[in-house]
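See below for the structure under consideration.
The values are calculated or read from the model by the stated rules, or taken from the named source; none is laboratory data. None of these values were measured; they are calculated from a predicted model. Please note: Cβ atoms are built from the backbone with ideal geometry, for glycine as well, and neighbour counts cover all protein chains shown.
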Amino acid sequence: MGKLEELEARLAAIEDVEAIKELKYRYWRCLDRKLWDEMAECFTFDATVKYGEGKYSFAGRDAIMKFLREAMGPDSGFVGVHQGHHPEIELTGATTARGTWSLYNYVLFTKSGRGHREAAYYEDEYAKQDGVWRIRHTGYTYLFCEEWDRGDTRSLKLLAP
């Protein structure tokens, strides 16, 4: 392989890694903003998930999206922010990759008055289909997970939404 081909291959690898990062960021943004149609496009049709260390496991994009819409939709009282950090992306083939992400998640359950905070590590698998990177598998393992009654803090006021 000549220098030009080597540079082109390196550039293509960098572009793939950046596309995977954008994919995961889009996944979290869509989750937090409840943009279900856009979020569905983040997954392969045969994707699998294992949320909550496998407590919530689903196979197939339709099953995953049904769960998310019901568990976190507008009637659920779920308001959260997912922050992903420290991506480690490994290209395992021309159209496959895996990644590890650090997660910090803060959730308000407005109907029950509960708060929820967790830190975890995501382990993902990705597939490039028709030139677009998608999530083939995602799941996480907790570092910690805690929940509390928001009413225990007397001065706490929810100002939005």
Legend entry - Residues of region 125-151 that turn out to be under 30 Å from THR95 (Cβ atoms) and either hydroxyl-bearing (Ser, Thr, Tyr) or not in a strand (DSSP E or B) (or both), as a count: 6
Inset, instruction - Please enumerate the residues belonging to region 16-66 that are touching a helix residue (DSSP H, G or I) at 6+ places or on another chain (Cβ under 6 Å) and either surrounded by fewer than 15 Cβ atoms within 10 Å (Cβ to Cβ) or within 16 Å of THR96 (Cα to Cα) (or both). - result: GLU38, CYS42, PHE43, PHE45, ALA47
Inset, instruction - Give the residues of region 77-118 that are charged (D, E, K, R) and over 19 Å from PHE43 (Cβ atoms), sorted by residue number. - result: GLU88, GLU90, LYS111, ARG114, ARG117, GLU118
Inset, instruction - Scan region 46-59 and give yes if some residue there is of a type outside the set (Lys, Arg) and under 15 Å from LEU23 (Cα atoms), otherwise no. - result: yes
Legend entry - Hits in region 71-95 - residues which are hydrophobic (A, V, I, L, M, F, W, C) and more than 14 Å from the chain's Cα centre (by Cα): ALA71, PHE78, VAL79, ILE89, LEU91, ALA94
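Criterion first (modelled with pLDDT under 95, assigned to a strand (DSSP E or B) and out of contact with any Gly (no Cβ under 9 Å at 6 or more places or on another chain)) does GLY115 satisfy it? Give the derivation first.
Details: modelled with pLDDT under 95: yes; assigned to a strand (DSSP E or B): yes; out of contact with any Gly (no Cβ under 9 Å at 6 or more places or on another chain): yes.
Here the answer is yes, as GLY115 does meet what is asked.
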Legend entry - Residues satisfying the stated conditions in region 84-126, i.e. surrounded by 15 or more Cβ atoms within 10 Å (Cβ to Cβ), without any contact (Cβ under 8 Å) to a residue 40 or more places away in the chain and touching a Lys or Arg at 6+ places or on another chain (Cβ under 6 Å): GLY113, GLY115, GLU125
Inset, instruction - Kindly indicate whether GLY77 is out of contact with any helix residue (DSSP H, G or I) (no Cβ under 7 Å at 6 or more places or on another chain) and not β-branched (Val, Ile, Thr). - result: yes
Inset, instruction - Considering only region 1-37, state which residues are under 13 Å from the mean Cα position of the chain (by Cα) and charged (D, E, K, R). - result: LYS21, GLU22, LYS24, ARG26, ARG29, ASP32, ARG33, LYS34
